[in-house]
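The values are calculated or read from the model by the stated rules, or taken from the named source; none is laboratory data. No experiment lies behind these values; they were computed from the predicted model shown. Note that we place each Cβ from the backbone using ideal geometry, even for glycine, and neighbour counts take in every protein chain shown.
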Amino acid sequence: MRRRSRQFSLAAALGIGVILLVVGIGGGYVLGSYLSKTSTSTVDITETGSTLMEPLMDIWGPNYTSHVDSHVIISPSGGGSGQGQSESEAGTIDIGASDAYTANNLGVVDVPVAISSQLVMYNIPSLKGVHLNLNGSILALIYNGTITNWDNKLIAGANPGVSLPDETIVPVVRGDSSGDTYIFSVYCDMSDKYWPYGNSTKAFQTLAPADGFASGTGNAGVITKLEALNYSIGYVGISYKTSALASGQLNYAALGDNLASTAAGGNVTATPADQKNYILWSAQNVSYDANLGLNELNYSAHGLAVSLILGGSTSGPTVWAAGAGGTDPTVTNPTPYPITNLEYTLVKTAPSSPSHQAYVVQFLQWAISYGNNVTLYLGQVNFVPLTSELAGLDQQALSEVQVHS
């Protein structure tokens, strides 16, 4: 799902006078000439929002202070993407983190800083070592109450030879204003016309109490709930993969790459004949998806506007290319992973203190360049680096931020 406006090329980005240098491990970082400054007193940069981004901010912050400017302190917190958007728009926070672009354009610019993804996880005691095959149609039918048991014929059809339990499925959702909910909703909405919750970027709908679901606050809260409830299912941001698997109770699904087609009446049924590929998460599959899906980006008046990255899309948002690796991708022969997304930072373009905002922009320039080092930073939270075009577009976005009085 993309909003299109005026076209912007990487060549244009290189002309804005910002110089970035990223080399291998231990390499240097060259600041843009108009932001080449360090502080002589403590500068506290506050950040809140996406809990999916929070672990990366926890890594970036101390490293930036240690290696770039010892006087700049990054103070991250969670709270959910909705909070990150609202507080950045209100100007009560320096950086808002969000799993989706802002739909309001209330004086902020969207700056993607990394590429992320999402897992669908479940707690089935008898299948601890099994990666089930699931797709958007099956998930939509689970969350709208049509599929209620794990041995439902559609789940069984997607998982031949797997002994599924005759147990009631317990859906778990985020109870806070969550970009993870939005990402999951986009995937289900694009896969099946019976997804009842929409995919509004403004609402960040909380699916929980009114719909009878179990809920958790933040990704960590969802994991705790999944571990406590046998036969539960939920969605979890990729930066929590290691902690989610630590107890040995949870596993994650291989996801189908089917999308709703107009010809099929807006949904794709979850039978083996309708589903070609089930793709297990890997960094290679996420990176492949991003490089296929982000090669013709457009730049809007307030930044990039990409919700779910449609890797391999060749004829608009209803066609998903099979990918070279098919249902059994490898490092050298990958297939696009279906729930891949951008992680956004949101910053005020006309801040109350432009001189303070200069330090914010300087940190973000470091984040999208040297901070995208996989070995040092992104790999610790299972993120993948920005594409070269994205990094160029980010520079235009940051050039809109007022950094001089």
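Of note:
- Among the residues of segment 351-369, at least one is outside the structural domain of residue 282 (by TED's automatic domain parsing), part of a loop (DSSP other than H, G, I, E, B) and modelled with pLDDT under 90.
- Residues of segment 23-68 classified as modelled with pLDDT under 90 and among the polar types (S, T, N, Q), total: 8
- Enumeration of residues in segment 145-154 that are outside any loop (DSSP other than H, G, I, E, B) and either without any contact (Cβ under 8 Å) to a residue 60 or more places away in the chain or closer than 30 Å to residue 55 by Cα (or both): 149, 153
- Residues of segment 387-405 that turn out to be closer than 21 Å to residue 94 by Cβ and either part of a loop (DSSP other than H, G, I, E, B) or at pLDDT 95 or above (or both), as a count: 6
- Residue 376 being surrounded by 20 or more Cβ atoms within 10 Å (Cβ to Cβ) and outside the structural domain of residue 133 (by TED's automatic domain parsing): no
- Matching residues in segment 99-140 - criterion: being over 21 Å from the mean Cα position of the chain (by Cα) and outside the structural domain of residue 234 (by TED's automatic domain parsing): 106, 107
- Some residue of segment 123-144 being of a type outside the set (D, E, K, R), part of a loop (DSSP other than H, G, I, E, B) and touching a strand residue (DSSP E or B) at 6+ places or on another chain (Cβ under 6 Å): yes
- Filtering 84, 96 for residues that are surrounded by 24 or more Cβ atoms within 10 Å (Cβ to Cβ) and assigned to a helix (DSSP H, G or I) leaves a single hit, 84.
- Just one of the listed residues (291, 333) is modelled with pLDDT of 65 or more, surrounded by fewer than 21 Cβ atoms within 10 Å (Cβ to Cβ) and not small (Gly, Ala, Ser), and it is 291.
- Of the candidates 358, 367, the single residue that is touching a strand residue (DSSP E or B) at 6+ places or on another chain (Cβ under 6 Å), among the small types (Gly, Ala, Ser) and within 21 Å of residue 71 (Cβ to Cβ) is 367.
- Hits in segment 60-81 (condition: within 18 Å of the chain's Cα centre (by Cα) and part of a helix (DSSP H, G or I)): 60, 81
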